[in-house]
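Colleague: A single structure is presented below for examination.
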Amino acid sequence: MPETETYADLHADATAVLSRWTATGPAAAANRDRTLALLAAGPVAMSRAHRPGHVTASALVLDPAGDRVLLCLHGKFRKWVQLGGHCEPGDRTLAAAALREATEESGIAGLVVDPEPIDVDIHPVACQGGSLHYDVRFAVLAPAGATERVSAESEALGWFPPDRLPEPLADGTVQLVAPALAALARRVAG
């Protein structure tokens with residue numbers, strides 16, 4: 001199946017989600033607009049093979065009370081970061097891609113994703129000899145008593161209070177805390 005067909009549903013979802021999303025701040029709004037411009041290239045923009053850049057999905061995992069966030073010590077760049085990564089051909093929505101990545105990287109069953117993004121960040125990566133990740137980020141809620149399991153992609157996993165995140169912390173991770181806690185509060189109130 002040609003790559004454009006493989007990612008067609010995911011591309012349509014990404015375009016729809018970002019077109020209607022009210023950004024959580026000016027930087028997120030600018031990054032949303034840049035991501036929508038990238039998506040104008042078509043479904044190929046969802047694939048890591050797209051050299052100008054590609055859409056990725058990540059998740060800040062929260063415990064049920066919002067007292068802790070789960071971060072991984074990334075194996076390649078040795079910084080603490082939210083869970084996430086590349087979209088796959090089987091992903092139908094960005095939220096599902098973020099949930100899949102969070103589940104794979106945390107080993108926690110029963111995670112629940114809030115379908116509304118909390119941030120969009122664009123950053124350079126080494127993919128394809130140098131590219132950009134247009135990372136759409138979501139809040140993901142862990143079930144009570146969740147126990148994490150380190151995957152092959154990380155050196156360690158750890159739960160941290162939102163106001164005491166570990167160092168070295170990847171750029172852009174701290175900006176996820178406030179909108180993720182707001183997503184949790186909406187879920188609890190709703």
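Colleague: For residue 119, which sequence-distant residues (separation of 5 or more, or a different chain) have an amide H within less than 5 Å of its own amide H, given hydrogens modelled in the peptide plane?
Modeller: Those qualifying (amide H under 5 Å, at least 5 residues apart or on another chain) are 137.
Colleague: Using modelled backbone amide H atoms (1.01 Å from N, in-plane), which distant-in-sequence or interchain residues come within less than 5 Å of residue 132's amide H?
Modeller: Long-range HN contacts for residue 132: 53, 54, 125.
Colleague: Quick one, can you get me the convex hull of the C-alpha atoms of the range 1-104 expressed as volume per residue in Å³?
Modeller: Once divided by residue count, the hull of the range 1-104 is 131 Å³.
Colleague: When N counts the residues of the range 120-163, how does its alpha-carbon radius of gyration compare numerically with 2.2 N^0.38 Å, as a ratio?
Modeller: Here the Cα radius of gyration is 1.58 times the empirical estimate.
Colleague: Sticking with this one: Of all the C-alpha pairs in the chain, what % are more than 32 Å from each other?
Modeller: Working: 1624 of 17955 pairs.
Percentage above 32 Å: 9.
Colleague: Under the Kirkwood approximation for Rh and a Cα-based Rg, what ratio Rg/Rh is obtained for the range 64-174?
Modeller: 0.93
Colleague: Per residue, how much accessible area does the chain show when a 1.4 Å probe rolls over the protein heavy atoms, in square angstrom?
Modeller: 45 Å²
Colleague: Continuing with the same structure: Quote the FRET efficiency, to the nearest 0.05, computed for residue 149 versus residue 171 with a Förster distance R0 of 25 Å and r equal to the Cβ-Cβ distance. Could the numbers behind the result be given before it?
Modeller: Numbers: r = 27 Å, r/R0 = 1.06.
For R0 = 25 Å, the calculated efficiency reads 0.40.
Colleague: Calculate, in whole percent, how much of the Cα-Cα pair population of the range 55-112 lies beyond 19 Å.
Modeller: Value for the range 55-112: 27 percent of Cα pairs lie more than 19 Å apart.
Colleague: Excluding residue 167 itself, what net charge comes from residues whose Cβ is under 12 Å from its Cβ, given Lys and Arg +1 and Asp and Glu -1?
Modeller: Around residue 167, the charge tally is +3.
Colleague: In the chain, what percentage of the DSSP-assigned beta bridges are antiparallel, given to the nearest 5?
Modeller: Bridges in the chain are about 70 percent antiparallel.
Colleague: Another question, if that's okay. Within the chain, what whole-number % of the accessible surface is contributed by carbon and sulfur, with the 1.4 Å probe and all protein chains included in the calculation? Each step should come with its number before you reach the end.
Modeller: Values: 4810 of 8590 Å².
Solvent-exposed carbon and sulfur of the chain make up 56 percent of the total.
Colleague: Report the extension gain between residue 79 and residue 34 in nm, rounded to one decimal, defined as 0.36 nm multiplied by the number of residues separating them, less their alpha carbon distance.
Modeller: 13.6 nm
Colleague: Please give the calculated 222 nm ellipticity per residue for the chain, where each DSSP H segment of at least 4 residues contributes -39500 (n - 2.57) and the sum is spread over every residue; nearest 500 deg cm²/dmol? Kindly include the intermediate steps, with their values, before the conclusion.
Modeller: Values: 5 runs with 57 residues, N = 190.
Counting only the DSSP helices, I get -9000 deg cm²/dmol.
The values are calculated or read from the model by the stated rules, or taken from the named source; none is laboratory data. As the structure is a prediction and not an experimental result, all values here were calculated from the model. Counting neighbours? That spans all protein chains shown, and the Cβs are built from the backbone with ideal geometry, glycine included. The area values use the complete protein model at the heavy-atom level, side chains included, leaving out ligands, DNA and RNA. Shrake-Rupley method; radii C 1.70, N 1.55, O 1.52, S 1.80 Å.
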